[in-house]
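The values are calculated or read from the model by the stated rules, or taken from the named source; none is laboratory data. Since we're looking at a predicted model, the values are computed, not measured. Cβ atoms come from the backbone with ideal geometry, glycine included; neighbour counts cover every protein chain shown.
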Amino acid sequence: MKILATGMSGPIGSAVLPELISAGHSVTRMVRRPAASADELAWDPLQAIPPEQVSGYDAVIHLAGETIVGRWTAAKKKRIRDSRVLGTQHLCQALARAPQKPRCLIAASATGYYGDRGAEALDETSAPGNNFLAGVCREWEAATTPLRDAAVRVVNLRFGVVLSPRGGALPKMLPAFRMGVGGRVGSGAQYWSWVSIADITGAVLHALHREELRGPVNAVAPTPVTNLEFTRVLGSVLRRPTLLPMPAFAVRAAFGQMGDELLLASARVLPSKLQSSGYEFRDPELGGALENLLRK
Ligand SMILES: NC(=O)c1ccc[n+]([C@@H]2O[C@H](COP(=O)([O-])OP(=O)(O)OC[C@H]3O[C@@H](n4cnc5c(N)ncnc54)[C@H](OP(=O)(O)O)[C@@H]3O)[C@@H](O)[C@H]2O)c1
């Protein structure tokens, strides 16, 4: 396929890109700087895109967005929201008006959609949450409507906590855990819906090819765990003690609202649509996933 892709320089994109290429697809990357080669296309997510620039691709993979890591000042929250909502609107409006539209769009979203939900089992039919990230995810997914209305198949992949050696949660936790000073976060009762980077690339490729998949699709492992269980398993894979908890007040003091919504919030999300469409997980269990990531 001829694929157009955004956000390919991040931890997820840089794992997805080589798999697309080794599967024989040709990929044009949209980049937020002048294009440096024939397989790059410059764009500014905050500006409208001429439809003819994005015409003639079979599929589009859209991952771009301001990193959510960092202090959530008012300006940072605006960048988190606008980079996703406006970037997606501009891309989808251009694709919907393109002389030759793609057959599908695979767009990133996040399990942040569900907000803070305790131990409730959540699937794609569950209602959204009501915190900042949930609001961003709702608007981010809604921004794909112009393309859906143009009869293009759209999959909104709600990524969970992606475990990758290249970025995201794991490399930030590892130094403390390796030194033996890791521990649960807050009460540890909150669910973390994790997914290995191998299954993220697997889910993106699966979504590209499965015509029956459309709308929101949870990209999480089938075995979400509490933070306490995550801590225990990570300690046992690293063979280190995990006795030093980080109390909720310390999380809030260190990370502010980001700590509340990313580290202390609970979402027990299940991959119902991936499983019913026949996706087979490469890393269905946390212990095996961490072994694969950390012991290679
Ligand atoms: N990693 C996770 O655990 C996780 C979990 C849930 C959802 N997600 C979502 O999945 C997507 C990819 O994740 P990732 O971890 O690979 O993300 P990331 O590194 O935070 O960002 C992905 C890419 O977005 C582009 N980008 C950065 N700032 C931007 C801005 N202000 N405006 C527009 N684009 C910008 C960059 O690509 P270029 O420089 O090439 O443009 C960057 O490499 C993101 O939208 C993220 O929110 C990730």
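Annotations for the structure displayed:
- Selected residue (criterion: modelled with the highest pLDDT) from residues of region 155-199 that are more than 11 Å from the ligand (Cβ to nearest atom), closer than 19 Å to Glu291 by Cα and of a type in the set (A, V, I, L, M): Ala198
- Residues that are more than 14 Å from Arg148 (Cβ to Cβ) and within 11 Å of the ligand (Cβ to nearest atom) were ranked within region 88-108; the one that is farthest from the chain's Cα centre (by Cα) is His90.
- Restricting region 72-92 to residues that are among the hydroxyl-bearing types (Ser, Thr, Tyr) and in a helix (DSSP H, G or I), the residue that is surrounded by the most Cβ atoms within 10 Å (Cβ to Cβ) is Thr88.
- When Arg84, Arg79 are checked against the criterion of being near the ligand (Cβ under 10 Å from one of its atoms) and without any contact (Cβ under 8 Å) to a residue 40 or more places away in the chain, Arg79 stands alone in meeting it.
- Among the residues of region 26-40, those that are within 14 Å of Val54 (Cβ to Cβ) and within 12 Å of the ligand (Cβ to nearest atom) comprise Arg29, Met30, Val31, Ala35, Glu40.
- One residue stands out in region 199-225 among those that are in contact with a helix residue (DSSP H, G or I) (Cβ under 9 Å, 6 or more places away or on another chain) and either free of Cβ contacts under 8 Å to residues at least 60 places away in the same chain or small (Gly, Ala, Ser) (or both): the one that is surrounded by the most Cβ atoms within 10 Å (Cβ to Cβ), namely Ala219.
- In region 63-76, the residue that is nearest to the ligand (Cβ to nearest atom) out of those that are modelled with pLDDT of 95 or more, over 24 Å from His209 (Cα atoms) and hydrophobic (A, V, I, L, M, F, W, C) is Ile68.
- Applying the condition of being of a type in the set (S, T, N, Q) and either touching a helix residue (DSSP H, G or I) at 6+ places or on another chain (Cβ under 8 Å) or within 13 Å of the ligand (Cβ to nearest atom) (or both) to region 1-24 and asking which residue is farthest from Ala42 (Cα to Cα) yields Ser14.
- Test: residue in region 45-62 that is within 11 Å of the ligand (Cβ to nearest atom), within 16 Å of the chain's Cα centre (by Cα) and closer than 25 Å to Val162 by Cα: yes
- Leading residue by the ranking (farthest from Arg252 (Cα to Cα)) among those in region 69-90 that are touching a Phe, Trp or Tyr at 6+ places or on another chain (Cβ under 8 Å) and aliphatic (A, V, I, L, M): Val85
- Test: Val185 is over 30 Å from Ser276 (Cα atoms), surrounded by fewer than 20 Cβ atoms within 10 Å (Cβ to Cβ) and either free of Cβ contacts under 8 Å to residues at least 24 places away in the same chain or of a type outside the set (Ser, Thr, Tyr) (or both): no
A quick yes/no check of all residues on (1) in contact with a Cys (Cβ under 9 Å, 6 or more places away or on another chain); (2) in a strand (DSSP E or B); (3) hydrophobic (A, V, I, L, M, F, W, C):
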site: Leu147; (1), (2), (3): yes, no, yes
site: Leu157; (1), (2), (3): no, yes, yes
site: Val162; (1), (2), (3): no, yes, yes
site: Pro171; (1), (2), (3): no, no, no
site: Ala176; (1), (2), (3): no, no, yes
site: Val181; (1), (2), (3): no, no, yes
site: Asp199; (1), (2), (3): no, no, no
site: Leu205; (1), (2), (3): no, no, yes
